[in-house]
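What follows is a single structure, written as structure tokens, with notes after it.
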Amino acid sequence: MPKHDQKTAFFRVIAIIPAFNEQKNIAQVIRGIQTHAPFAQPLVVDDGSKDGTADSARRAGARVIRLPFNLGYGAALQTGFKFALANGYDYAVQIDGDGQHDPQSLPILLKPVQKGEADVVLGSRFLGEGAYSMPALRYAGVMVFRVLVSLLIRKKITDPTSGFQALNRAAMERFYASPHYPADFPDADVIIMLHRAGLRVLEAPVIMHPNPDGRSMHKGMTPVYYVFKMFLSIFLALIRKNPF
């Protein structure tokens with residue numbers, strides 16, 4: 001097993017990388033994990049890619065699960081969490097395959113969950129030094145959900161739409177690998193469900209980069225669906241007797 005550090009306990013960490021048509025970027029992401037978090041096993045969940053994503057990931061040294069067709073971001077992530085539980089991993093990090101999430105931030109994300117201070121750590125692009133730029137309309141949307149989530153859980157959350165996260169086995173067992181995990185866009189609604197279930201959520205500063213290809217999963221009519229779905233999901237998360 002990989003070692004946490006030379007003075008403390010051993011543990012197993014998996015880096016779950018959902019990927020759809022990321023042949024150009026996936027190897028660089030995997031090499032970054034191997035450099036900055038060599039204790040973590042890279043697992044690429046190829047979400048029905050039409051290019052050579054899976055082959056590139058294998059050549060770079062990652063384990064690969066290929067889904068038969070495109071199931072969506074949340075479903076690809078959940079496949080990774082189920083794999084992590086079935087194979088005895090103690091901690092998981094989720095990191096996008098397009099190069100936006102900088103692997104050098106992985107140890108920072110993992111530290112609070114390894115120390116038992118949190119069950120889930122959200123990587124915030126708005127904490128720490130440096131500035132992250134995004135289109136004005138998207139930034140406005142992030143701000144709306146930032147205020148809403150912070151009010152509802154009574155705790156300041158600066159980046160509620162971050163997909164750069166670290167979590168422990170308890171969070172995977174109770175929610176991330178369960179049928180209640182959103183299959184499309186797990187975002188602000190997840191934070192509220194975690195809070196209601198008594199799971200501890202913290203934020204940590206991370207480095208994020210603009211998408212190198214200028215692509216986004218939020219294109220066409222997707223942003224309209226995303227906003228509608230997220231408000232509906234948050235409403236349901238608040239009224240359910242069982243938070244999950």
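The values are calculated or read from the model by the stated rules, or taken from the named source; none is laboratory data. Because the structure is a prediction, the values reported are computed rather than measured. Every residue, glycine as well, gets a Cβ built from its backbone with ideal geometry; the counts of neighbours run over all protein chains shown. Areas reflect the complete protein model, heavy atoms only, side chains present, ligands, DNA and RNA absent. Shrake-Rupley method; radii C 1.70, N 1.55, O 1.52, S 1.80 Å.
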Most mobile listed residue (Lys155, Lys115, Lys229) in the chain, GNM with C-alpha springs under 10 Å = Lys115
Separation between Cα centres of segment 86-144 and segment 189-211, rounded to whole Å = 8 Å
Taking only protein heavy atoms into account and a 1.4 Å probe, give the accessible area per residue of the chain in Å².
-> 48 Å²
In terms of the charge dipole of the chain, which places +1 on Lys and Arg and -1 on Asp and Glu at the beta carbon, the residue among Gln94, Ala75, Met193 farthest towards the positive end is Met193
Taking amide hydrogens as modeled 1.01 Å from N in the peptide plane, which residues meet the under 5 Å criterion relative to Ile207, leaving out close sequence neighbours?
-> Asp102, Ser105
Largest-first ranking of Glu117, Glu203 by accessible area, probe 1.4 Å, whole protein assembly kept, is Glu117, Glu203
Got a number for the accessible area of His195? Probe 1.4 Å, square angstrom, nearest 10.
-> 90 Å²
For segment 13-239, the percent of accessible surface on carbon and sulfur atoms (probe 1.4 angstrom, ligands and nucleic acids excluded) is 58 percent
By average C-beta atoms within 10 angstrom, highest first, the peptides 186-193, 64-71 | 186-193, 64-71
Taking amide H positions as placed 1.01 Å from N in the peptide plane, with prolines and chain starts having none, which residues 5 or more places from Phe164, or on another chain, fall under 5 Å of its amide H?
-> Gly123
For segment 84-157, compute Rh as the Kirkwood radius over C-alpha pairs and then the Stokes-Einstein diffusion coefficient at 37 °C and 0.692 mPa s; write the answer in µm²/s, rounded to an integer.
-> 223 µm²/s
Length-normalised contact order of the chain, Cα under 8 Å, at least 6 apart, in percent, tallies to 21 percent
Only Lys, Arg, Asp and Glu count, each charged at its Cβ (+1, +1, -1, -1), so figure out the dipole size of segment 70-211 about its Cα centre, rounded to 20 debye.
-> 440 debye
Can you give the Kirkwood hydrodynamic radius for the chain, in Å, rounded to one decimal and based on Cα pairs?
-> 18.1 Å
